[in-house]
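Read the structure below first, then the notes.
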Amino acid sequence: MNSPTLLFLLCSVPFVLSACTKEEALPLFDQGMIRGSVCCSESGEMASGARVHLFGPYGSASASSSLDGSYAFEGLGNGTYELRIEMDGYGSMFLYGIQVFGKDTLNLPRTGLYAMVSDRDYPDITAANTKGELDWLSYGAGLVLTTTYARSEEVEEFPLRFFFSTSEDVSPDHFLFSRIGANLYRYDCPKQMILFEDLFGCSGETLYVVGYRCNRNDPGYFDGYTGMQRYSTLERSQHTRVLKFTMP
């Protein structure tokens, strides 16, 4: 074999290998189906016109929920999928780890959407006190936050979810537990307060707390990618200052 021929063959091998590796894998079956439905959790009504986005190993697709809140994706190959469900005025929900096998039809549990509370005002917090600092506080693991709002019996529950951590970097991405608290009105305090009755922590331990604007009814969902509890209606740019306190 002369040198030009050998050189041509050697140069051709990488091209053939590269061409093979770029071929997309094809599913063994493409008759799988995912079906589900969407509702507005707080009203109980089915959500018509919600946008449902599907992501999987063979690409992505989108659909809108029908009048009865239902949606479906057909012709799916084997693999693991995820869904993002959106609707104007509501927090987006994410569903992870949806596995389709063979020609199966997978019926998902109903997904509930919670309304955003972007139009609701909220106060900042100025002080954090526990039992021993407040004579009248009888809860052993209780906490009272003083707000910037004036005392009033007419104040609605604040649209805030609070996050607690042993680190001053406390946030929805770094927290030990979260609570929503309850409004507290006392005649001997000029400011509205927020009460927490059941906190976790060891006596003498320093904790940090911060509140984020969020729908109080939003129970959150588990994010399989990060291993964290997420809240669909939480607004990351809208939050109180961080305060620290010592567990009694």
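The values are calculated or read from the model by the stated rules, or taken from the named source; none is laboratory data. Because the structure is a prediction, the values reported are computed rather than measured. Glycine gets a Cβ as well: all are built from the backbone with ideal geometry, and neighbour counts include every protein chain shown.
Observations on the model:
- Among residues that are closer than 23 Å to Ser118 by Cα, surrounded by fewer than 19 Cβ atoms within 10 Å (Cβ to Cβ) and either touching a residue at least 60 places away in the same chain (Cβ under 8 Å) or more than 19 Å from the chain's Cα centre (by Cα) (or both), Arg241 is included.
- First in segment 33-47 and over 16 Å from Met93 (Cα atoms), second anywhere and of a type outside the set (Gly, Ala, Ser) and crowded, with 17+ Cβ neighbours inside 10 Å, Cβ under 6 Å, 6 or more apart: Ile34/Phe73
- For the criterion of being part of a loop (DSSP other than H, G, I, E, B) and either hydrophobic (A, V, I, L, M, F, W, C) or under 18 Å from Thr233 (Cα atoms) (or both), Ser118 passes.
- Qualifying positions in segment 128-161 - loosely packed, with under 13 Cβ neighbours inside 10 Å and either of a type in the set (Asp, Glu) or in contact with a helix residue (DSSP H, G or I) (Cβ under 6 Å, 6 or more places away or on another chain) (or both): Asp135, Glu153, Glu154, Glu156, Glu157
- Some residue of segment 172-179 being aromatic (Phe, Trp, Tyr), touching a residue at least 40 places away in the same chain (Cβ under 8 Å) and on the phi < 0 side of the Ramachandran plot: no
- Enumerated strands (runs of 3 or more DSSP E) restricted to segment 42-89, each holding at least 2 residues that are buried (at least 18 other Cβ atoms within 10 Å of the Cβ) and either hydrophobic (A, V, I, L, M, F, W, C) or on the phi > 0 side of the Ramachandran plot (or both): 51-56, 70-76, 79-86
- In summary, Tyr187 fulfils each of the numbered conditions (1) touching a residue at least 60 places away in the same chain (Cβ under 8 Å); (2) surrounded by fewer than 17 Cβ atoms within 10 Å (Cβ to Cβ) with the single exception of condition (1).
- Exactly one residue out of Ser12, Ser18, Ser3, Ser64 is at pLDDT 90 or above and among the hydroxyl-bearing types (Ser, Thr, Tyr), and it is Ser64.
- From the list Asp173, Asp218, the lone residue that is exposed (fewer than 14 other Cβ atoms within 10 Å of the Cβ), of a type in the set (D, E, K, R), farther than 29 Å from Trp136 by Cα and within 12 Å of the chain's Cα centre (by Cα) is Asp173.
- Screening segment 90-112 for residues that are in contact with a Phe, Trp or Tyr (Cβ under 6 Å, 6 or more places away or on another chain) and surrounded by 15 or more Cβ atoms within 10 Å (Cβ to Cβ) and picking the one that is farthest from Tyr231 (Cα to Cα) gives Ile98.
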